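Before any comments, here is the structure.
The values are calculated or read from the model by the stated rules, or taken from the named source; none is laboratory data. Predicted model only: the values in this text are computed from it and were never measured. Glycine gets a Cβ as well: all are built from the backbone with ideal geometry, and neighbour counts include every protein chain shown. The accessibility values were calculated without ligands, DNA or RNA, using every heavy atom of the protein model including side chains. Shrake-Rupley method; radii C 1.70, N 1.55, O 1.52, S 1.80 Å.
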Amino acid sequence: MTDATAGPRVTEATPSGQMLAADGSPLKKSLARALRRQKIRALLLIAPLLLFILVTFIAPIADMLFRSVENQIVADTLPRTSEAIQEWDYESGQPPGEDVFRAFSYDLAIAAERKQHTRLGTRLNYESPGLSSLFRKSGRGVGDIGEIYQDQFEDLNEAWEEPTTWATLLGAEDWVADQAAWAADEEGDEPRFRFAPGVRAALPATTELYAAYTDVIQVDDEDSVMEEDVWPAVYQALYEDLATSPDLSAVSGPTVGLLNEAQGALGTFERADYVALFEDIDEDWLDPQVWGVIKTFTPDYTPGYFLASVDLQKTPDGFERQPEDQRIYILLFERTIFMSLAITIACILLGYPIAYLLASLPLRTSNVLLILVLLPFWTSLLVRTSSWKVLLQQQGVINDILVFMGLVGDGDRLVMINNQFGTIVAMTHILLPFMILPLYSVMKTIPPSYVRAAKSLGATNWTAFWRVYFPQSVPGIGAGCILVFILAIGYYITPELVGGTTGTFISNRIAYHISASLNWGLAAALGTLLLALVLALYWVYDRIVGIDNVSLG
């Protein structure tokens, strides 16, 4: 019989030899149930920690990975263009046909009303400089296309000028009644616009544009569709619908006569030449390269950010290298790794003797010195970095001392700041405690009797240190190296202040894209590559040294 806390008690066996628990159930099933309950309790105990890790660590990384490939802004802002342009062949060397320009005029008109065309231009400007200003300029001029048809509809009948004409023509009868009741007292929000049955099938382009218009007016602007002027693009869409000779029998209402009148007079309307109109806005719209960029980035997901992170670019012709004067990221990755390794090595060379001294001194003395090691943690990082600027600049303290001692001439002062040297010096000072503390904690656990025993067996001081003491301190070196290297590879404040143009890290570029250029996709791709690089180096370290040899004492 077992203890109640350890599992179910066994009472007897069946004639077939199957063991039963105290409650009469099979022992195997009862044990599995008890084990399952134990696992559930253990999971509930660690659930808060798992939730914390998920929210603060896993979720941000997942979001970063998604942003590095996400490209939905093009397809979402230009849905009609994205579909129409797929039939266009970039290799032809000619701009797309009028159907693409027509679809683009609708998309751009809606985007301009929603103030989204500038965001789209900014996104495409990352791939081809100049597109941001082109979209901004075209957003202002695309309304002229719709006004060509607006003027003709209004000349045909002044009723087309009234927003109520459109609302009663396209709106459902029950919505018109609800809207009239709301207008009588104007309490609450205006009823959301609803189309009349059959009108969508008869006038697909018109209802699509008018739906976008009502969304902006009622939701974004919180105004009434009975009072705000209809977009010129809606007139343009109505002309295109009527030009297809639709069946208007399903359309009813007090203003349906205006629709029949317009259809009868359609032959007198001037038709817009979309290609020529966009050429008038800006001649760059006839450049196939512009449309090639739009077509290339219409998919919802793109490798473009990752390609840019390794100095490549996605073009209509395929993958190509960036222009030579724009290839900076491979250089920054190489510089980041080199300088992080240099800082780590410098911390080892400076931190090992200090940690050895702290571990060898009496406890009272080592505690006082350890406070000095920890003192930088109590000083602002900005203050420490600024102090190095004062010390290292050409008119700074160190150069003044060297000139005073006659080691350098006053006209030959050393350049020790705004370069790699200044970054390595400042970051070594900042990260040195992260090397000393793991070393010290491991060295304190090494019994001094081991070294004395080695000496008593005839070993010299160096042999006793190298063969006995040093191997036991390797776990502390490993822990310190991992701490310093990973902290160094992601630092950006100190390199930004003292690195100049040759001492900045890839992290500085990531910070720039997040806060200045707002190219979050590229920043996410660079961050993902940096994460992958750290994990790869961590794997190499584990294969060479072994993570089991890392210890914090």
Spread of Cα-to-Cα distances over 10 Å intervals beginning at zero, given as percent, for the range 399-542: 10, 23, 26, 20, 17, 4, 1
Residues whose placed amide H lies under 5 Å from that of PHE195, excluding near-sequence neighbours: ALA172
Relative packing of peptides 74-83, 486-495 - highest average C-beta neighbours within 10 Å first: 486-495, 74-83
The range 92-187: mean projected area of Cα convex hull, nm²: 9.8 nm²
Accessible area (Å², per residue) of the range 283-359, counting only protein heavy atoms and a probe of 1.4 Å: 48 Å²
Solvent-accessible area of LEU134 with every protein chain in place, 1.4 Å probe, in Å² to the nearest 10: 10 Å²
Unit charges on C-beta of K, R, D, E only; dipole of the range 344-458, Debye: 540 debye
Dipole moment magnitude, nearest 20 debye, the range 203-283 about Cα centre, only Lys, Arg, Asp, Glu C-beta charged: 620 debye
Carbon and sulfur %, accessible surface of the chain computed with the full protein complex present, 1.4 Å: 59 percent
Whole-Hz couplings from phi, Karplus 6.51/-1.76/1.60, listed for the range 526-542; x for Gly and Pro: 5, x, 5, 5, 5, 4, 4, 5, 5, 5, 5, 5, 5, 5, 4, 4, 5
Ratio Rg/Rh, restricted to the range 154-250 and using Cα atoms, in which Rh is the Kirkwood radius: 0.96
Between the range 333-351 and the range 496-537, the alpha-carbon center distance in angstrom: 18 Å
Pairs of lysines in the chain (C-alpha under 18 Å apart; 8 or more residues apart or interchain): 4
Binned Cα-Cα distances of the range 232-274, short to long, each 10 Å bin given as a whole percent: 24, 60, 15, 1
Between the range 227-285 and the range 376-433, the Cα center-to-center distance that results, in Å: 71 Å
Mean Cβ count within 10 Å, highest first, over the residues of peptides 146-156, 404-414, 445-455: 146-156, 445-455, 404-414
The range 499-513 - phi-based ³J(HN,Hα) in whole Hz, Karplus 6.51/-1.76/1.60, Gly and Pro as x: x, x, 8, 10, x, 8, 9, 5, 5, 5, 6, 4, 4, 5, 6
Relative packing of peptides 52-58, 467-473 - highest average C-beta neighbours within 10 Å first: 467-473, 52-58
Cubic angstrom per residue, convex hull over Cα atoms of the range 57-216: 194 Å³
Solvent-accessible area per residue, Å², over the range 369-420 with all protein chains present [probe radius 1.4 Å]: 64 Å²
Cβ-placed point charges (K, R +1; D, E -1), dipole of the chain about Cα centre in debye, nearest 20: 7220 debye
Helix-derived mean residue ellipticity, 222 nm - over the chain, DSSP H n ≥ 4, -39500 (n - 2.57), to 500: -19000 deg cm²/dmol
Total formal charge among the other residues, if their Cβ is under 14 angstrom from that of LEU43, Lys/Arg +1 and Asp/Glu -1: +4
Accessible area in square angstrom per residue, the range 160-226, 1.4 angstrom probe: 47 Å²
Kirkwood hydrodynamic radius (C-alpha pairs) into Stokes-Einstein, the range 126-181, 20 °C and 1.002 mPa s, D in µm²/s: 148 µm²/s
The chain: C-alpha pair distances exceeding 39 Å, %: 57 percent
Area of GLU320 that stays accessible when all protein chains are in place (1.4 Å probe, Å², to 10): 70 Å²
Extreme residue, positive dipole direction of the range 93-171, given options SER133, GLY146, ALA109 (C-beta unit charges): SER133
Other-chain or far-sequence residues with amide H under 5 Å of THR315's (modelled H): GLU320
15 Å tail of the calculated P(r), the range 369-455, as % of Cα pairs: 69 percent
